[in-house]
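Student: Shown below is the structure under consideration.
The numbers here are math on the coordinates, done by the rules we state, and not lab data. Here the structure is a predicted model, which means the values were calculated and not measured. Cβ coordinates were reconstructed from backbone atoms using ideal geometry, including for glycine residues, and neighbour counts include every protein chain displayed.
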């Protein structure tokens, strides 16, 4: 086990026991690493920082919401890699890019780098999402959490497809701002 694995797993276990400071520290460390991972992978297909940041937010949200599924008897980094990889594959599918264009199978890539940009993290994303307008909540939950297509989300939320896209984009930005405010207090 690497020092990084030991550190991250200790933070995850403390987080699962209800320690909000450990949870914020875990999400902060993972955000920086995921940001570097996504920037590297998306650069190969000509995508930029904005898309990488969206993927970081999606992955952190998924990690937060699915943390109860983590088996503490197992290493943490492969679990994180699986989430990061699936978020990348979903992004490539939504944007009609071929997963073959981007090498996505190297688990070490997720944990090998650390991007020093500020990271958004929180211990209660659901509570923060409730502060968003209903249309934004619905669009984010449908597409980012439930994995629906934009067309399916539009039908579920009673919005146009462009409306879903706008609500997701604006909602993720608003959520990031809320998270940043929460972690500064």
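Student: Give me 164, 45, 50 sorted ascending by neighbouring Cβ count inside 10 Å, so fewest comes first.
Tutor: 50, 45, 164
Student: Right, another one. Quick check: residue separation of residue 51 and residue 93 times 0.36 nm, minus the Cα distance between them. What number comes out in nm? Walk me through the intermediate numbers first.
Tutor: On the way: separation 42, 0.36 × 42 = 15.12 nm, distance 1.35 nm.
So the extension gain works out to 13.8 nm.
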